[in-house]
Amino acid sequence: MGKRTIVKMPGDGIGKVVLDEAIRVLDAAGFEASYVNGDIGWEFWCNEGNPLPERTIKLLKEHKIGLFGAITSKPKDAATAELSPALKDKGLVYSSPIVGLRQHFGLDICMRPCHSYKGNPLNFIRRGQNNTIEEPEVDVVIFRQNTEGLYGGVEWSNPPDDVYNALLTHPKFRKNFEWCPKEELSVSTRIFTKKFTERILRAAFEHAKKYGYKSVTVCEKPNVIRETSGMMYQMAKAIQKADYPGIELWNTNIDAQMMWLTKNPEDYGVIVAGNMFGDIVSDGFAGLIGGLGFACSAQFNPDTGIGVFEPTHGSAPKYADYPVSIVNPIAMIESACMMLDFIDENAIAAKIRKAVAEVIAEGKVRTYDMMKMAGRPDVVEKGAASTRQMADAIIVKL
């Protein structure tokens, strides 16, 4: 394949550090690419009133593949307070730039693998029979619908009259909320469409089929959220029966799933959910494999070939100011491997994952989280690996 151009979007805080280290690992593994910088994040909100400038959208439209670090997001009032004085009182409203990317490019398929590494001291353990200690292998892939649901952005405070009057047509709204003055009311919608619900379900079943997972679990709440969760489960049953009879279809409620998470995590394979519940369950499973330092993700549109690959952790701004970066870069490196898989550079991805696994199994180089230390600036002096030292160890294995 020819040399690719990747849109590098460092974002905020530790995103800048972990992205640079991931690119060093990509270079060492033999991935040939050039990188163009895409502006995104808090700095551009404060200075331009837009955390996702149009120039970055154009870059991603042209080059299709983006590696993303992390962003800082703050509540509405705090975001407005940090705007440049020249931009205040212009009616600007902050919205997450990564959500903006998802919606602009229709990145409706989100994949979040959670695979435990042998030798990781942060892996989940439980007590077994006769007081034995068990360490189940976790190998779960969460498919999260990325553009609809609660994150669709259709919401109001003090809703306009036409919206409020439409809500009044629902008997339960009249019964339970008509007492509330309109100006004291906030409404967020949870919208599912059959088109994109089917896309995320089929993506989950196809992944299970391709990689030999025995089950797909729909993790929603159809006993209460009957229309949206109910629609997803009914569609899953029809798809499984017609096209994937060899793959078991399981159904769990999100609350029960979080309770069962530590009971039998090795039993689950592919999990599929709407936006919010997919977010929740993927963080839950990430906790079983070591936390957000190991949690990678991909989001893409299979029709356009546009994909953005990012760790699921935030920008952790307090760590960004440390003289030596201490954060774990593995989630970012794993996200880069997902990018490689997406563009059919599977051999390089496998080589990097093997190197990561060898470093973790060997146990000589561990970041502060892997050593169960508090994230203070002096952890490197106490034996923890810095961000760069972890990347260096992986490069040595390569």
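Net length available on complete extension from D341 to A166 is 58.4 nm, with 0.36 nm assigned per residue and the Cα-Cα distance removed.
Which length gain, in nm to one decimal place, applies between F177 and K397 when the Cα-Cα distance is subtracted from 0.36 nm times their residue separation? Don't skip to the answer; put the middle values down first.
Values: separation 220, 0.36 × 220 = 79.20 nm, distance 6.10 nm.
Going from the current span to full extension adds 73.1 nm.
For the range 247-280 versus the range 177-230, the inter-centroid distance based on Cα atoms is 13 Å. Calculated from the structure at hand, log10 I(q)/I(0) by the Debye sum over Cα atoms at q = 0.06, 0.14 Å⁻¹ is found among (1) -0.22, -1.23; (2) -0.26, -1.35; (3) -0.64, -1.23 as (2).
Multiply the residue gap between L185 and V224 by 0.36 nm, knock off their C-alpha separation, and tell me the result in nm, one decimal place.
Values: separation 39, 0.36 × 39 = 14.04 nm, distance 2.22 nm.
Value of the extension gain: 11.8 nm.
Centroid-to-centroid, using Cα positions, the range 10-71 and the range 341-394 are 21 Å apart. Loop-located GluC sites (Glu not before Pro) in the range 142-183 (DSSP state other than H, G, I, E, B) with a sparse environment of at most 11 neighbouring Cβ atoms within 10 Å: E178. Within the same chain, lysines fewer than 8 places from K88 are excluded, and of the rest, those with a Cα less than 21 Å from its Cα are K74, K76.
Placing a label point 7 Å from the Cα of V36 along the Cα-to-Cβ line, the residues of the range 52-85 whose backbone N sits under 18 Å from it are 52-69.
Each of the trypsin sites (Lys or Arg not before Pro) that DSSP puts in a loop and that has at most 14 other Cβ atoms within 10 Å breaks the chain; the longest unbroken stretch is 264-363. Here the simple spin-label model places points 7 Å from the Cα toward Cβ, and for V93 and K118 these points are separated by 5.3 nm.
With a Cα cut-off of under 15 Å and a minimum spacing of 8 residues unless on different chains, the lysine pairs in the range 247-398 number 6.
Return the FRET efficiency for the residue pair K209, Q234: r is the Cβ-Cβ distance, R0 is 22 Å, and the value is rounded to the nearest 0.05. Numbers along the way, then the final one.
Values: r = 21 Å, r/R0 = 0.95.
It comes to 0.60.
Here the Gaussian network model covers the chain, with springs between Cα atoms less than 10 Å apart; of M373, M276, M258, M373 fluctuates the most. What FRET efficiency comes out for A361 versus A86 if R0 is 41 angstrom and r is the Cβ-Cβ distance? Round to the nearest 0.05. The pair A361/A86 has a calculated efficiency of 0.15.
Could you tell me the relative contact order of the chain? Use alpha-carbon pairs under 8 Å, at least six residues apart, and round to a whole percent.
Working: 764 pairs, mean separation 87.0, N = 398.
Once divided by the residue count of the chain, the mean separation gives 22 percent.
FYI, it's all coordinate maths here, none of it is from the lab. Because the structure is predicted, anything quoted here is derived from the model rather than measured. Cβ sites come from the backbone with ideal geometry, for glycine too, and all protein chains shown count toward neighbours.
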